[in-house]
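Below is one structure, written out as C-alpha cells, with a few remarks after it.
The values are calculated or read from the model by the stated rules, or taken from the named source; none is laboratory data. Quantities reported herein were computed from a predicted structural model and do not represent experimental measurements. Methodologically, a virtual Cβ is constructed for each residue, glycine included, from the backbone with ideal geometry; neighbour enumeration extends over all protein chains shown.
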C-alpha cells in the first residue's frame, strides 16, 4: 500500500492546479464583464469611444446590446465572426467602404487568443469592434450611410425608421448565427438597386484590367475619316460594350460599325447635340464625346456608388406600383412590379429654382386647374406686363382678390405702377384655359415645397435635350395618359372620361381612393430596359457633396433610436 500516499499527493497537486485554472478563468470572465460594462457605460455617457485608431459612436444600440446580454462577450463563436468578416469585405459590392467597418483593426485582432489574463483588453476591444461593425453594416444597408437631410433639408425620414428595437434584433442575429442571411435581407431588393450593383461590378472589373487610356484631343472624327486616335476609340468602345467584339478591325478608319457604337455611347452618356455651341455630331467624336470617353473608370465607379446610396434612401417598403419623377433624367416613370409600364419626358426646375427630392403620395388630380401666381413670378414677369397700360390684356387672364379673399370688381382700374416687389395687397389667380401655366391637369401630393406634377402649354420644350426650365414644379408630357393609369390602378378604369371633363372647361378634382406613392428622385446613373448603364449629367452639381459624405467619417443619423 506504499504507493497510495504518493498517488494521493499527486491527486492533491492536480486538484490544486485545476482549482487555480478555474479560479483564473472566473477572474478573467469577471474582468471581461467589468471592462465591457465600463467601456459601454462610457460610450453611452460620452457618445463616442476611442479604441486605438477606431472610433465607436453607437451611443445607444451598442450599450443596450451588452446590457441586455449581461455584459458578456457577444462573439464567442468563431464561425459567426467569420460570417461578419466576410460581409465586411463584401460590402464594397454595395459601393460602401470596408474600412468604415473596422476591417484593418479586426483583421489584426481576429487571431486565436489564449486564455491568459493579459489578453483581456484585446478580447474586449475585438468584441466591441465586431458589434459596432454589425451595427454599422445593418444601418447603412437599410437606411444609407449618409443622412439625406444633411443635403436635402426638406427630406422627410420614412415612418418605419426608429420604430424597431435594434439592440434586441441584432443580438438575436448573433446568437442564432445568421449574420450573412440577415445582412443580405437588409439590402434594397428593387431591380433599380440590383442593376446598379451589377453595373458597379462591371466597371470595377474594367478598373482591375487597367481601365482605358486617355484619347488625345483633335479634330472631329466622322464616318469615313482616318485618324491615329481611331484604334484608341475602338478599344474604349469595346471595353464599355458599345462595340460588339466580333466585328472586323478597320485600323485607323472610322467605319460604320464605329459610328453605330459612338451613337450608343452618346445615348448612354446623354450627350446633348442640339445646343448652339455644340461641336459634336450625332455618331461622330468631337470635344464633348471625347470628354466623356476620357472620364476615368474610377470617376464612373464613384458615380455609381453615389446613386446606390440614393437608392438605399428610397428603394424599400415600396408597393408594387409607384411613380418616379427622375429630375436629372428629365422624365417621369410609372413602375408596376419592377417594370416601367409608362414613361414621359419632363421639364424640371432650373438652377435657381431646383426641384427638391422627397417621397410622398399623389392624393388627387385636378382637371382645368387655376394658377395662383407665386410672388417671384409676380415680381419678375406679371407686374412688368401689368405696368404697360397700353396693353390691358394681361389682367384679363386673372381673377384678382384682395387680402381678405374678396374678388376685386374692376382690376383694370388698379394703378399697378404704384406697386413693386412681392408684397402686394392682392392675390392673382389665373383662370383655366389654353395659356394657363399648369395646362389642363395637375397632380397633387403633400410636401412642404408646394411642388407638384402638371401639364403645360409649353409643349415645344419637351423636344429639348436639356429641360431644366421650370420654377421647381415638374411639367410632364402626356399627363392624361398618366392620369388614366392612376385611375386604372385605383380600380376606376373608364369611370371618368378625363378628356371630356377637360374639354368642358370646368375645374374638377378627382380624389384617389388609394393615394399613389411618388418618389422625386435625382439619379445620375440608371440602367435602361436594354441593360445598358446610362450616365446622366449632374444637373444641380449634387454628386460631389454626396460622394464627399459617403467617403467621409461614419456619422449616425439623429433619429428616434437616439443615434
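Observations, loosely collected:
- Residue match in the stretch 40-48 (condition: modelled with pLDDT under 90 and either in a helix (DSSP H, G or I) or over 35 Å from the mean Cα position of the chain (by Cα) (or both)): no
- Tally of residues being touching a residue at least 24 places away in the same chain (Cβ under 8 Å) and at positive phi across the stretch 321-357: 2
- Residue list for the stretch 505-530, restricted to those being modelled with pLDDT under 95 and exposed (fewer than 12 other Cβ atoms within 10 Å of the Cβ): 506, 529, 530
- Filter result for residue 251 (in contact (Cβ under 8 Å) with a residue 60 or more places away in the chain, farther than 20 Å from residue 206 by Cβ and assigned to a loop (DSSP other than H, G, I, E, B)): no
- For the stretch 434-468, filtered to residues that are free of Cβ contacts under 8 Å to residues at least 40 places away in the same chain and surrounded by fewer than 17 Cβ atoms within 10 Å (Cβ to Cβ), the residue that is nearest to residue 538 (Cα to Cα) is 463.
- Residue list for the stretch 61-87, filter: within 22 Å of residue 100 (Cβ to Cβ), surrounded by fewer than 18 Cβ atoms within 10 Å (Cβ to Cβ) and touching a helix residue (DSSP H, G or I) at 6+ places or on another chain (Cβ under 8 Å): 86
- Applying a threshold of 7 Å to beta carbon distances and a minimum spacing of six or more residues, or different chains, the list of pairs starting in the stretch 403-430 at a residue that is in the same structural domain as residue 506 (by TED's automatic domain parsing) and ending at one that is loosely packed, with under 11 Cβ neighbours inside 10 Å and modelled with pLDDT of 85 or more is empty.
- Among the candidates 457, 479, 425, residue that is at pLDDT below 95 and on the phi < 0 side of the Ramachandran plot: 425
- The criterion of at least 2 residues that are more than 30 Å from residue 269 (Cβ to Cβ) and in contact with a strand residue (DSSP E or B) (Cβ under 9 Å, 6 or more places away or on another chain) is met by the following strands (runs of 3 or more DSSP E) wholly inside the stretch 429-520: 441-444.
- Hey, residue 332 closer than 28 Å to residue 505 by Cβ and in contact with a strand residue (DSSP E or B) (Cβ under 8 Å, 6 or more places away or on another chain) or not: yes
For every residue, the table says whether it meets (1) buried (at least 17 other Cβ atoms within 10 Å of the Cβ); (2) in a loop (DSSP other than H, G, I, E, B).
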{"residue": "263", "(1), (2)": "no, no"}
{"residue": "271", "(1), (2)": "yes, yes"}
{"residue": "304", "(1), (2)": "yes, no"}
{"residue": "309", "(1), (2)": "yes, no"}
{"residue": "316", "(1), (2)": "yes, yes"}
{"residue": "328", "(1), (2)": "yes, yes"}
{"residue": "346", "(1), (2)": "yes, no"}
{"residue": "359", "(1), (2)": "yes, no"}
{"residue": "363", "(1), (2)": "no, no"}
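- Against the list (1) within 20 Å of residue 507 (Cβ to Cβ); (2) touching a residue at least 24 places away in the same chain (Cβ under 8 Å), the condition residue 396 fails is (2).
- Top-ranked residue of the stretch 117-142 - restricted to ones that are in contact (Cβ under 8 Å) with a residue 24 or more places away in the chain and farther than 19 Å from residue 84 by Cα, ranked as surrounded by the most Cβ atoms within 10 Å (Cβ to Cβ): 120
- Test: residue in the stretch 80-103 that is at pLDDT below 95 and in a helix (DSSP H, G or I): no
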